[in-house]
Every structure is written in structure tokens, then in C-alpha cells.
1. Could you go through the stretch 41-54 and let me know if any residue there is more than 16 Å from ligand 1 (Cβ to nearest atom) and in a helix (DSSP H, G or I).
2. Taking the conditions exactly as written (of a type in the set (Lys, Arg), closer than 27 Å to ASP201 by Cα, within 14 Å of ligand 1 (Cβ to nearest atom) and part of a loop (DSSP other than H, G, I, E, B)), does ARG121 satisfy them or not?
3. Can you find a residue in the stretch 19-41 that is within 16 Å of ligand 2 (Cβ to nearest atom), under 26 Å from LEU191 (Cα atoms), in contact with a strand residue (DSSP E or B) (Cβ under 7 Å, 6 or more places away or on another chain) and not hydrophobic (A, V, I, L, M, F, W, C)?
4. Being farther than 26 Å from PRO42 by Cα, touching a residue at least 40 places away in the same chain (Cβ under 8 Å), within 16 Å of ligand 1 (Cβ to nearest atom) and not in a helix (DSSP H, G or I), is that true of even one residue in the stretch 225-243?
5. Quick one: which of ARG49, ARG84, ARG26 is basic (Lys, Arg) and over 18 Å from GLN181 (Cβ atoms)?
6. Going through the stretch 11-21 one residue at a time, which ones are closer than 18 Å to LEU76 by Cβ and either within 13 Å of ligand 1 (Cβ to nearest atom) or not aliphatic (A, V, I, L, M) (or both)?
7. Got a sec? Which strands (runs of 3 or more DSSP E) wholly within the stretch 135-213 have at least 3 residues that are farther than 25 Å from GLU110 by Cα and at pLDDT 95 or above?
8. Can you name every residue in the stretch 69-97 that is assigned to a helix (DSSP H, G or I) and surrounded by 15 or more Cβ atoms within 10 Å (Cβ to Cβ)?
Amino acid sequence: MSDESRPSPAQSPVAAVIPAAGRGVRLGPGAPKALRALNGTPMLIHAVRALAASRHVSLVIVVAPPDGAGEVKSLLDAHALPERTDFLVVPGGESRQESVRLGLDALPPEYGVVLVHDAARPLVPVDTVDAVIEAVRDGAPAVVPALPLADTVKEVEPATVPGDPEPVVATPDRARLRAVQTPQGFDRATLVRAHADVTDDVTDDASMVERLGLTVVAVPGHEEAFKVTRPLDLVLAEAVLARRRLNDGF
Ligand code: CTP
Ligand code: MG
């Protein structure tokens with residue numbers, strides 16, 4: 001399908017790419033992070049359900065660990081997922097950036113809006129997903145959910161030996177800083193161009209769009225969209241699930 005015949009973001013169906021191919025080195029030894037359980041269910045399944053909870057999302061592409069696509073397919077088959085959503089599994093790459101690009105390569109032509117969501121953010125509320133989609137449908141080429149920071153942030157001259165004292169070189173005004181989460185939402189053509197043109201190492205997709213010179217907008221994120229990175233984050237995630245269970249009354 002040519003760019004001209006692709007539906008505009010305002011009407012287009014929405015697909016979500018979920019990079020889940022990382023090892024989870026900071027979480028410590030064990031299975032790849034996305035396959036680790038939270039209250040008995042793999043983190044990846046929580047993340048897939050969180051995105052498929054949006055009635056706008058009709059396709060979820062999971063980017064599996066390079067040698068784990070079969071296992072991920074079986075997991076998706078074994079867990080209850082919404083009937084209205086289609087699922088695809090592709091093997092991932094060495095970096096998050098490469099994994100996302102491999103997911104985009106599998107995207108069928110009719111999708112004009114793409115979300116990219118970390119499998120490591122299993123608890124993002126559906127309202128956050130929908131707010132991102134709405135902003136893309138309203139015309140923003142790239143949208144990030146973001147939160148104000150609790151801590152003051154310092155820029156330092158990084159030490160060559162880890163643990164050595166590091167001189168502080170600047171203190172950015174905290175009121176102007178945001179911590180950025182996922183899902184990040186994109187006009188498909190913009191994200192595809194960013195992945196084709198930008199080769200610098202980046203930690204999120206929106207920064208690639210910034211390098212194209214386009215405007216990225218931030219919408220309110222949510223504290224439950226935090227990224228499971230270190231062991232303590234597993235404790236927090238299970239506590240959030242326990243609280244949800246209590247609130248749901250079962
Ligand atoms: N990711 C990926 N492919 C990679 C590396 C990361 O798909 N080669 C995914 C992870 O699975 C995760 C998301 O990108 O869902 C965010 O990355 P991060 O939290 O850094 O996860 P890991 O890279 O697995 O963790 P670590 O950096 O601690 O090893
Ligand atoms: Mg990583």
C-alpha cells in the first residue's frame with residue numbers, strides 16, 4: 001500500500017509492537033525478563049493484556065527473545081486474550097532499537113497508527129494507552145506518556161571507575177523535566193522513517209523522531225506504568241496487582 005492510500009491516523013486501526021527480547025540483566029539471573037512471572041502470570045502476558053484492553057488496538061506484535069519465539073507463541077495460546085485482537089510473534093535482535101524495527105517489519109499495511117510498548121511495563125492502565133492513541137489520532141506524529149520527577153536530577157562527569165566520586169556539572173530545572181514511559185504512539189510513516197534514517201543509539205523511539213526534527217508531544221503518564229528493571233520493581237508490581245485484586249473485589 002502506498003503512503004497515499006494508507007488511512008490517515010484519524011481513522012486508522014491501531015497496532016502495538018511490544019519489544020520483549022531483552023535479557024533483563026539488571027533484574028538478575030533467571031529467565032528472560034518478559035517471561036518472568038508476576039503473581040503467577042508471565043510479565044509479557046500482563047503487558048499484552050494491558051494493550052489489548054484498549055478497544056482501539058486490533059493487532060499486537062510481540063518481539064520475542066531471539067531463540068524464544070516458539071515459547072512466546074505457546075504462552076499467548078495458553079492465556080485468555082481478547083477475541084477482537086490479533087497476535088503476531090517475531091524474533092527480536094541485539095538491541096531494543098533493532099527489536100522494535102523487526103516488529104515494524106512485520107506490520108501489515110493497513111495500520112496507520114503504531115504504539116511501541118515495553119513488555120517490562122506490564123501494568124500500564126488502559127486510560128494511558130487510550131490517551132496516547134487519541135493524541136496521535138488528533139495529528140501528533142509522536143506521543144509519549146510522561147510524569148514529573150520526584151527527585152532532583154544532576155548532570156555529572158561520569159567516573160571512569162564505577163563508584164568513584166563524580167563531579168556535578170549542572171542541575172536542570174526539575175519543573176521542566178519529565179520521566180518518559182510507554183506506550184509511545186506514532187504515525188506509522190514517521191516511525192518507519194525514524195527507524196530507517198536514525199542510526200544513533202537511543203533508549204526510546206520518540207527520541208529518534210526528535211532527531212528527524214519533528215515535534216514529539218507528552219501526555220500525562222501513570223505511576224503504574226513504571227518499568228520493571230531491578231528486583232525491587234518485582235515487589236512493587238506484585239503489590240500493585242494485589243491492590244487491584246482487592247479493589248476488584250476478588
Ligand atoms: N528489549 C528488546 N530487545 C533487546 C533489548 C530490550 O526487545 N535486545 C526490550 C525488553 O524486553 C524490554 C524493553 O525493551 O521490554 C525495555 O528494555 P529494558 O527494560 O532495558 O529490558 P532489558 O534490556 O531486558 O533489561 P536490561 O537492560 O536490564 O538487560
Ligand atoms: Mg536494556
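1. yes
2. When the stated conditions are applied, ARG121 passes them.
3. Within the stretch 19-41, one or more residues are within 16 Å of ligand 2 (Cβ to nearest atom), under 26 Å from LEU191 (Cα atoms), in contact with a strand residue (DSSP E or B) (Cβ under 7 Å, 6 or more places away or on another chain) and not hydrophobic (A, V, I, L, M, F, W, C).
4. No, the stretch 225-243 contains no residue that is farther than 26 Å from PRO42 by Cα, touching a residue at least 40 places away in the same chain (Cβ under 8 Å), within 16 Å of ligand 1 (Cβ to nearest atom) and not in a helix (DSSP H, G or I).
5. Values: ARG49 fails: over 18 Å from GLN181 (Cβ atoms); ARG26 fails: over 18 Å from GLN181 (Cβ atoms).
Unique residue meeting the criteria: ARG84.
6. Those that are closer than 18 Å to LEU76 by Cβ and either within 13 Å of ligand 1 (Cβ to nearest atom) or not aliphatic (A, V, I, L, M) (or both): ALA16, VAL17, ILE18, PRO19, ALA20, ALA21.
7. Details: elements: 142-148, 168-170, 178-180, 184-187.
Ranges flagged: 142-148, 168-170, 178-180.
8. If we filter the stretch 69-97 for residues that are assigned to a helix (DSSP H, G or I), which is where we start, we get 69-78, 96-97.
Result: ALA69, GLU71, VAL72, LYS73, LEU75, LEU76, ARG96, GLN97.
The values are calculated or read from the model by the stated rules, or taken from the named source; none is laboratory data. All values derive from a computational prediction rather than experimental measurement. Because the Cβ atoms are built from the backbone with ideal geometry, glycine has one as well, and the counts that use them run over all protein chains shown.
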